[in-house]
Amino acid sequence: MQILTWNTQWCCGMDGMVSVERIVRHALEMGEAAGGLDVLCLQEIAVNYPALQGSPGDQLAELRALLPGWAVFMGASVDEFTAQGRQRFGNVIATRMPVLQLQHHLLPMPADADMRCMQRMCSVVTVSDAALGLVRIMTTHLEYFSGIQRMAQAQALRALQMQACALADVPPRPASDGSPYQTKPHTRHAVLCGDFNFEPHEAEYAQLSAPWDGTSDGAKPGRWLNSWSVLHPDKQQPPTFRLLDRTWGPAPGACDFLWVSDSLQSHVRDWRVDSSTQASDHQPVLLGLG
C-alpha cells in the first residue's frame, strides 16, 4: 500500500499559480515511481475562496474529475455560508482501494483569547488491503497559531487511536440486522498523516507518541509510531516545510508526518519525500506498507 500526504496550500505553488492538476499529476508520478499510489491525503483544499491567492474555485470537484475511478472524500473543517455563498476548507482522502467506512472527527478548539485560529478535524476512511486487511487511513491538519489548541488536538488524536484499538480488542455486540447498529469494521491497523504544525523536539510530538497501557476490560497497550523513525531510528526526519520559503520561520523543519499504529510497525517498507517540488510551500511525503 502506497500512501502520499501533502499540505497543498490550496494547490498554490511557489510561483503563485493555483493548479489542482499539477498537484494530482505530481502525486501520481511520485506514487508510480514507488509501484503505484493507493491513497492520496491532501490538506488545505478549498471550495469557493476567491479572496485566497490564486482565487481557488471548487477544488473538490476538480479532484474528482482528475481521479476517475477513485473514491474522493472531503472533511471540511470549515463549512460556512457567507456573502460568497457556501465556502469549505479542509482535508481530502482519495483512494482506489475498497472503502468500508467514512468518519469525520472535529478536533478540540479551546478558547485562546485574541488568537488567530480555525476549526480543525480528522477524517478517517477504513479501507481493505489484500495483504494487510482492514486499515484506517486518517488525515488531519492541526492549528498553526494556537499552541493551546494544537496540544489539545494532539491529545485528541492519541485518544481517537486508543478508542479505536479498544473497540478492535473488545468489540461491541455483533449485529447483522441491517440497522445502524450493524457490525462495524474495527481494526488496530491505522495510518495518521498530515501537517501537524509541530516538530519532533516539541511537546505536542511527545504527547501524540506517548504509549498507553492496557485496560481492565481487555484492551491492549499501544502507541503511535513515526514511520520515518521506524526505518531510521537514529536519524532526524528530513524537513518538509520552509525549504524554499522562509516566510514562516528562519530554517527548514519537519512537521508533515505519517504515523503508523504499533500493529503496522513490521509492515513499514519505504519512506520518501520530494524535497525539490515547488507546487506547494510543503513537500509531499510517501509511505510504503507491505
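Listed values, structure above:
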quantity	calculated
Leading residue at positive end of dipole, the chain (Cβ point charges), from Gly214, Leu107, Val124	Gly214
In degrees, nearest ten, helix 147-169 long axis to first principal axis of the chain (Cα)	30 degrees
The chain: Cα Rg divided by the 2.2 N^0.38 Å rule of thumb	0.97
Unit charges on C-beta of K, R, D, E only; dipole of the stretch 7-52, Debye	100 debye
Sites Asp270 and Lys220, calculated FRET efficiency, Cβ-Cβ separation with R0 35 Å, nearest 0.05	0.80
Where N is the number of residues in the stretch 178-290, Cα Rg divided by 2.2 N^0.38 Å	1.27
Among Leu100, Leu264, Leu142: highest mean-square fluctuation, GNM of the chain, C-alpha pairs under 10 Å	Leu100
Charge dipole magnitude, Cβ of K and R +1, D and E -1 - the chain, Cα centre, debye nearest 20	420 debye
Cleavage-rule hits, trypsin sites (Lys or Arg not before Pro), the stretch 112-141, DSSP coil, Cβ neighbours within 10 Å at most 16	Arg116
Positive-end extreme of charge dipole, the chain - chosen from Met138, Trp228, Gly16 (charges on Cβ)	Met138
The stretch 196-242: trypsin sites (Lys or Arg not before Pro) in DSSP loop, at most 11 other beta carbons within 10 Å	Lys235
Under the Karplus curve 6.51 cos²θ - 1.76 cosθ + 1.60, θ = phi - 60°, whole-Hz ³J(HN,Hα) for the stretch 248-263, x wherever Gly or Pro sits	9, x, x, 9, x, x, 9, 9, 9, 10, 10, 7, 10, 5, 4, 5
Segment Ala251-Met17, extension gain: residue separation times 0.36 nm, minus the distance between their alpha carbons	81.8 nm
Volume per residue that the Cα convex hull of the stretch 106-196 spans, once the total is divided by residue count, Å³	111 Å³
Gaussian network model of the chain, springs between alpha carbon atoms under 10 Å - residue of Arg96, Arg188, Arg86 with greatest fluctuation	Arg86
Cβ-based net charge around Leu67, under 15 Å, with every Lys or Arg adding one and every Asp or Glu removing one	-2
Leading residue at positive end of dipole, the stretch 39-98 (Cβ point charges), from Gly54, Trp70, Val92	Trp70
Dipole moment magnitude, nearest 20 debye, the stretch 22-170 about Cα centre, only Lys, Arg, Asp, Glu C-beta charged	40 debye
Around Arg116: net Lys/Arg minus Asp/Glu count, Cβ-Cβ under 15 Å	-1
Residue-averaged 222 nm ellipticity for the chain, from DSSP H runs of 4+ at -39500 (n - 2.57), nearest 500	-6000 deg cm²/dmol
GNM result for the chain, Cα springs below 10 Å: residue of Ala83, Ala154, Ala206 fluctuating most strongly	Ala83
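Where a number appears in this text, it was derived from the coordinates with a stated rule and is not lab data. Since we're looking at a predicted model, the values are computed, not measured. Every residue, glycine among them, receives a Cβ derived from its backbone with ideal geometry; neighbour counts consider all protein chains shown.
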